[in-house]
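Chemist: One structure, as structure tokens, below. Some questions next.
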Amino acid sequence: MKFVIPMAFSKVGELIALARAAEESGWYGISFSDHIVHPERISNPYPYTDDGRRRWEAYTDWPDPWVAIGACAAVTQHLQFTNNVFVLPIRNPFLVAKSVATAAALSGDRVTLTIGVGWSEDEYALMGQDFHSRGKRCNEMIEILRLLWSGEMVEFKGEHYAFERLEMNPAPSSAIPIWVGGISTAAHRRAARLGDGWLSDLQPTQEILESVAAIHAYRVEYGQTEAPFSVMASASDAWDVEGYRRLRDGGVTHLLTMPWVFYHGENAALEQKIDGIRRFAADIFPHLDSAGSTGGLR
């Protein structure tokens, strides 16, 4: 199992130092969340809390993920980068393909694109994208991204997108993995059919393991069992090696966790965050096979 730190709720000015500390301490990677704006009032409830309220307050920093990844990649050599999650169908597929491929090229192929369809009708409206077709458009966009990343002349004709032969470069030198986030049946099926992996929400271990089992059943249905498949999970009830082993044994390959919370709480200062990154590595990684920045449970 590989360990990934979410950068959500950290100030932009902290990101470079946190990336460096993560690499120096042997973490596998860091991950960036995605919000374009913060509407004062929202038209539809936030789906991941019981009361429909968002998990963050106004004026929280939400940097552009690919600008942030580019900056952090420039000061690291081995650290991997991904998202939790990047809202794909709120954007133009060509611009997404260009940003991600450029980040891959500049970082030495250290990026994984983790996508979701999002929940905010308000942000979709502001971006001029249709909210209600987002699932079907997302499916087409995944196909389009892989075509564009080939660097060859390609064309596409779908229900929502179509274009004649064209090419986009720079192209990544190896395939960029696409992981799919979401807890709905539609998200699970999308991950099984089109994804190279799946990302959970912040959930209890048992819910995560049930989702993993369901996705693997869908992969059998879609004939996708031969391809490698990753699972990045954020467990609300796993805080020690035994908890992480249970997740690993259930098919989780990457554990998304914010280490400073265990030592200094959610409102940790930068120095405390760095201390938490190092202390978690010291407390947990001795139980891991952590060659380079690829720690995995034995």
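Read-outs throughout are calculated quantities, based only on the coordinates presented, and are distinct from any laboratory measurement. Keep in mind that what you see is a predicted model, and the values were worked out from it rather than measured. Neighbour counts are summed over all protein chains in view; Cβ atoms, including those assigned to glycine, are modelled from backbone coordinates with ideal geometry.
Chemist: Determine the sum of side-chain charges near F81: Lys and Arg each +1, Asp and Glu each -1, restricted to other residues whose C-beta is under 12 angstrom from that of F81.
Modeler: Charge balance near F81 sits at -1.
Chemist: Then there is this: So which chymotrypsin sites (Phe, Trp or Tyr not before Pro) in region 129-213 pass both tests, a DSSP loop state and at most 15 other Cβ atoms within 10 Å of the Cβ?
Modeler: Numbers: sites: F131, W149, F156, Y161, F163, W179, W198; in loops: F131, W149, Y161.
Qualifying residues, ordered by number: Y161.
Chemist: Another question, if that's okay. Rounded to the nearest 5, what % of DSSP beta bridges with both residues in the chain are antiparallel?
Modeler: Among the beta bridges of the chain, antiparallel pairing accounts for roughly 15 percent.
Chemist: For region 2-297, how many pairs of lysine residues have a Cα-Cα distance under 29 Å, where the two are 8 or more positions apart or belong to different chains?
Modeler: 8
Chemist: Mind checking region 1-96 for GluC sites (Glu not before Pro) that DSSP puts in a loop (not H, G, I, E or B) and that have at most 10 other Cβ atoms within 10 Å? List each step's numbers first, then the result.
Modeler: On the way: sites: E14, E23, E24, E40, E57; in loops: E40, E57.
Hits after loop and neighbour filter: E40, E57.
Chemist: Next question. Given the -39500 (n - 2.57) contribution per DSSP H run of 4+ residues, what per-residue ellipticity at 222 nm results for the chain, rounded to the nearest 500 deg cm²/dmol?
Modeler: Per the formula, -11500 deg cm²/dmol.
Chemist: Please list, by residue number, every one of the GluC sites (Glu not before Pro) in region 143-192 that is coil in DSSP and has at most 11 other beta-carbon atoms within 10 Å.
Modeler: Details: sites: E143, E152, E155, E159, E164, E167; in loops: E152, E159, E167.
The qualifying sites are E159.
Chemist: Please get the size of the charge dipole for the chain, origin at its Cα centre, with Cβ charges of +1 on Lys and Arg and -1 on Asp and Glu, quoted in debye to the nearest 20.
Modeler: Charge dipole, the chain, about its Cα centre: 320 debye, nearest 20.
Chemist: Would you tally the net charge around G276, using a Cβ to Cβ cut-off of less than 14 Å, leaving G276 out, and scoring K and R as +1, D and E as -1?
Modeler: Combined, the nearby Lys, Arg, Asp and Glu give -3.
Chemist: Considering the values [x] 53, 47, 35; [y] 54, 45, 38; [z] 58, 42, 42, which represents Cα extents along the principal axes in Å as calculated for the structure under consideration?
Modeler: [y]
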